[in-house]
Amino acid sequence: MDKEAFRCNFPEFTDESAYPDSLLDFWAVVAEGIVDDCRWGDMRDNALGLVLAHYVSLAIADQQAAIKGAIPGTNNGAVTQKKVGEASVSYDAINNTESGAGQWNKTTYGVRYISLTKLIGAGCVQL
């Protein structure tokens, strides 16, 4: 998948100053190594896009952590409850994850990729 197609399919990554070509190029090589052409067939570009979006999102989160003085790469996952004064917020993280998916659960792109991998190449189901 080339950068133009990726940016078209994932318009949230169109800002080239926020998501430079060099970042997309680096993670596109990783995505190419992960996605099996034989398994995905016609949906290969879909899988590549999800893997690329996943890793770019993690890389940007690391960059933002570094800017804030935090240690990049140490994200422990989604905050499920936070309270500041009288205000509080929590999220149901269980329903937004795939069982056994590990680091793929760190982004919605990763969750989508893993959920599709459970369907793609699984064969037919007889009832």
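The distance between label points at D15 and V89 comes to 1.8 nm (points 7 Å beyond Cα on the Cα→Cβ vector). Here K3 is the anchor, and the aspartates and glutamates within straight C-alpha reach of less than 18 Å, apart from those fewer than 8 places off in the same chain, are E12, D15, E16, D21, D25, E32, D45. Assuming R0 = 35 Å, what is the FRET efficiency of I60 and D37, from their Cβ-Cβ distance, to the nearest 0.05? The value I calculate is 0.80.
Would you kindly state how much longer the chain becomes between A70 and K82 on full extension, computed as 0.36 nm times their sequence separation minus their alpha carbon distance, in nm to one decimal? All intermediate terms of the calculation are to be shown ahead of the outcome.
Working: separation 12, 0.36 × 12 = 4.32 nm, distance 1.85 nm.
Taking A70 through K82 to full extension adds about 2.5 nm, to one decimal.
Taking every protein chain into account, the accessible area of region 1-61 amounts to 53 square angstrom per residue (probe 1.4 Å).
The values are calculated or read from the model by the stated rules, or taken from the named source; none is laboratory data. Keep in mind it's a predicted model, so treat the numbers as computed, not measured. With ideal geometry, Cβ positions are generated from the backbone for all residues, glycine too; neighbour counts draw on all protein chains shown. Surface accessibility is based on the protein's heavy atoms, side chains included, excluding ligands, DNA and RNA. Shrake-Rupley method; radii C 1.70, N 1.55, O 1.52, S 1.80 Å.
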